[in-house]
Each structure stands twice: as C-alpha cells, then as structure tokens.
Amino acid sequence: MNNVAIYPGTFDPITNGHIDIIERACKIFGKVIVAIAKETNKECLFSFEERVHLAKIATEHIDNVKVEAFDGLAVNYVRRKGGSVMIRGLRAVSDFEYELQLALANRNLCEDVETVFLTPQNKYLYLSSSLIKQVIGLGGSIKDYVPDSVFDAVKNKMLSD
C-alpha cells in the first residue's frame with residue numbers, strides 16, 4: 001500500500017481551512033500532494049500559476065507536503081502518481097452530499113482509489129474559497145481566514161485591478 005495521499009482542488013485561494021486539512025492529512029500519511037487543478041468550472045480570482053505559487057508558499061512549513069499542478073480528472077491524476085488515497089475536506093452536511101456524490105463517481109471510475117474525508121478545526125467549519133471571494137468582493141477583511149502570503153497577494157491583486 002502506498003503511503004501517499006493526494007488532496008486535489010482549485011485552492012482559489014488556499015485558506016487556513018485547507019492548511020488545517022493538509023496538516024491533519026500529513027499526520028496520517030507519509031506524504032501529501034496538494035494537487036492544484038488547472039481546469040475548473042469556477043471563476044477564479046487567481047490564475048492557475050498564481051494558485052500553484054500561493055499553495056507552495058502557504059505549505060512550505062510542512063515537511064511532507066508537495067504542491068503539484070494537474071489537468072484532467074483528479075482520480076486519473078491519483079493513479080498517475082501511483083497513489084490510492086484522495087483527501088477531501090468536509091465542513092457541513094451540504095458538503096457531505098456533494099463530496100459523497102464525487103467519491104462514488106470516482107470509485108466508479110477507479111475502484112482502487114479511496115476517498116478519505118477529513119474535517120477542519122471548528123473555527124474553520126464555515127470557511128471556503130467561495131466565501132473568501134465573496135468577502136473580498138464586498139470589501140471585507142480576510143486576514144483571519146488565509147495565510148499571510150495569500151492575504152498579501154489578494155491585497156496586491158485588488159490594488160492592481
């Protein structure tokens with residue numbers, strides 16, 4: 001059995017909730033690959049390259065993490081990496097329904113890849129990248145919700161727009 005877990009997502013932007021899930025996964029698995037999806041059906045605040053860069057900076061304090069980019073289906077990426085575990089974060093019941101549907105679809109595509117659900121600390125249960133973008137759009141502060149490097153990047157992006 002491979003001791004590598006893949007945590008796929010768009011991470012636009014990566015939040016303290018994501019970091020919490022990554023740190024939890026790193027206590028369970030020998031290596032965690034944070035896989036940044038190139039293609040997304042979401043409107044992104046940051047470019048693909050910026051999302052990869054920000055995730056690398058935000059996770060540089062964690063020894064057994066690697067940030068990589070991927071294109072296509074996450075389950076195919078997990079197989080290409082020789083992995084057998086995909087990490088997904090759960091915050092609320094609404095997440096569970098969507099994530100269960102995704103996990104079952106992935107199992108149908110590749111029965112060798114298991115989905116492991118992790119929950120963040122209570123203080124991050126409501127936190128999502130979508131919420132971050134909404135708060136930014138309405139002029140609120142995200143300082144407590146994202147790593148300092150992401151906060152600075154958001155501030156710079158807003159000043160340049």
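In table form, for the structure just shown:
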{"quantity": "Ratio of the Cα radius of gyration of the chain to 2.2 N^0.38 Å, where N counts its residues", "calculated": "1.01"}
{"quantity": "Per-residue ³J(HN,Hα) for the stretch 136-153, Karplus 6.51 cos²θ - 1.76 cosθ + 1.60, θ = phi - 60°, Hz, x for Gly and Pro", "calculated": "4, x, 9, x, x, 8, 10, 3, 7, 9, 9, x, 3, 4, 6, 4, 4, 5"}
{"quantity": "Percent RCO, i.e. relative contact order, over the chain, from Cα pairs under 8 Å lying at least 6 residues apart", "calculated": "29 percent"}
{"quantity": "Rounded Å value of the spacing that divides the Cα centres of the stretch 108-129 and the stretch 43-78", "calculated": "16 Å"}
{"quantity": "Per-residue Cβ neighbour rank within 10 angstrom, fewest leading, 46, 11", "calculated": "46, 11"}
{"quantity": "Listed residues 17, 89, 72, most fluctuating in the chain (Gaussian network, C-alpha, under 10 Å)", "calculated": "72"}
{"quantity": "Residue among 107, 80, 24 with the largest mean-square fluctuation in a Gaussian network model of the chain, springs linking Cα atoms under 10 Å", "calculated": "80"}
{"quantity": "Largest-first ellipsoid semi-axes for the stretch 73-139, taking √(5λ) over the Cα gyration tensor eigenvalues, angstrom", "calculated": "27, 13, 11"}
{"quantity": "Coordinate range along principal axes, alpha carbons of the stretch 21-87, Å, largest first", "calculated": "32, 27, 15"}
{"quantity": "Residue order, fewest to most surrounding Cβ atoms within 10 angstrom, among 125, 104", "calculated": "104, 125"}
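Read-outs throughout are calculated quantities, based only on the coordinates presented, and are distinct from any laboratory measurement. Since the model is a prediction, treat every value here as computed from it, not as a measurement. Note: ideal-geometry Cβ built from the backbone for every residue, glycine included; neighbour counts use all protein chains shown.
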